[in-house]
Amino acid sequence: MTMGFLDSLKKMFTSRDQEDRVSLSRKVQALPNDQQSRQKLGIFLMQQGEVVEGLDQLARAAVLYEKDGFASKAIAVLRQMQKHDPGNNDFQKWLIRLLAQEGLSSDAQAELRKVASDPARFTSDDQRLDFFRQTAEFLKKNPLPHLYICDILRGQNKLHEAVN
């Protein structure tokens, strides 16, 4: 008898989750540019263990927030995304760019330091160099990305390149 009760309880919650998913999906289909609905759907999918689909919806929400001038909301969504995919370099670059664009250079530098301190983040020095070169474009007045680039080049004994 206990098992029947637990099964019915589980079925009740599972069907409600399915209803939530359907209603959220319908909202997103009806209003594809509604950032909040996409964000809710993304979070819901993440909670259900559908990480790839959830990250996709969250990324779309962040794009819409940024496009509509709500960079601080896009930053918050990117931070949510990083919790589930902390090694994603594209999300990291996007976050650094938005932070720098919003005048939050110390936060952008902190994110850059986090990347630099993770030796396993990149499979090659070329990937690491590319990442720092791209972030240098976002942090034009900041020497930090250039210092990381010089450090990598110096480690490769490319001293002439490092000086330039």
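The values are calculated or read from the model by the stated rules, or taken from the named source; none is laboratory data. What you see is a predicted model; the values in this text were computed from it and never measured. All Cβ positions, glycine included, derive from the backbone under ideal geometry; neighbour counts span all protein chains shown. Ligands, DNA and RNA are stripped out before the accessible areas are found, and what is left, the full protein with its side chains, is counted by its heavy atoms. Shrake-Rupley method; radii C 1.70, N 1.55, O 1.52, S 1.80 Å.
Data overview
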item: Subset of segment 59-84 (residues that are open to solvent by 50 Å² or more (accessible area, probe 1.4 Å) and either in contact with a Lys or Arg (Cβ under 6 Å, 6 or more places away or on another chain) or touching a residue at least 24 places away in the same chain (Cβ under 8 Å) (or both)); result: R60, D68, F70, S72, K73, Q80, H84
item: Residue that is part of a helix (DSSP H, G or I) and touching an Asp or Glu at 6+ places or on another chain (Cβ under 6 Å), where the choices are L45, L64, L58; result: L45
item: Matching residues, segment 85-97, being open to solvent by less than 80 Å² (accessible area, probe 1.4 Å) and either under 11 Å from the mean Cα position of the chain (by Cα) or free of Cβ contacts under 8 Å to residues at least 24 places away in the same chain (or both); result: D85, G87, N88, N89, F91, Q92, K93, W94, L95, I96
